[in-house]
Amino acid sequence: MRMVCAVGVLSLGAVLVGGGPAAGAVVGPEADLAYHGYVTVAGGRVDVRLTPRNHGPNPVGDATVRLRWSAPLHDVQRLAARCARAGERTVVCRTGALPADGLGEEIRVRVRLRGVPSEVSMAVDTVWGGGSVDRNHANDRQRVLALDTGDSYAF
């Protein structure tokens, strides 16, 4: 039994040491994606306007941003052509091309929630970065709490 355990440990060690890129190695072109915008909740409807930005240094041909809500979405949604439902509480949208150190096209998403919650939290993050490496996740992962007041909350 000791021999089996030792072989297992050695195999795992070989995978950990030689199984991937060296620490700090860049796998693809580097970019720094960020998302900022506004969310408004009124009567069970949520309106989101967000603008993707690439702080560079390289352009990104396309990326995918995910929007997740704390409340479930209504079964029937009419989403913009660049967006798709990805779960009970989730929508994903294509950003389109993002030039290095430039803004992308504004993304507008309007969803209906099941029921009329008094508040909803929304998380925004990158699902796919177009093959680029983003070392700064402080600006592409946002969370915002919006009250059902009709006011716009910035993120």
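The values are calculated or read from the model by the stated rules, or taken from the named source; none is laboratory data. In this text the structure is predicted, and so the values were computed from the model without any measurement. In this analysis, Cβ positions are derived from the backbone assuming ideal geometry, glycine residues included, and neighbour counts consider all displayed protein chains. Heads up: the accessible areas ignore ligands, DNA and RNA and are worked out on the full protein's heavy atoms, side chains in. Shrake-Rupley method; radii C 1.70, N 1.55, O 1.52, S 1.80 Å.
Gain in length, Ala100 to Ala42, computed as 0.36 nm per residue apart minus the alpha-carbon separation, to one decimal in nm?
Here the segment from Ala100 to Ala42 would lengthen by 17.3 nm.
How large is the accessible surface per residue of the range 74-155, computed with a 1.4 Å probe and reported in Å² as a whole number?
It amounts to 58 Å² per residue over the range 74-155.
Test of understanding: what is the full-extension gain from Arg141 to Arg112, defined as 0.36 nm times their sequence separation minus their Cα-Cα distance?
8.2 nm
If you filter the range 65-155 for trypsin sites (Lys or Arg not before Pro), then keep DSSP loop positions with at most 10 other Cβ within 10 Å, what is left?
Listed in order of number, the matching sites are Arg78, Arg135.
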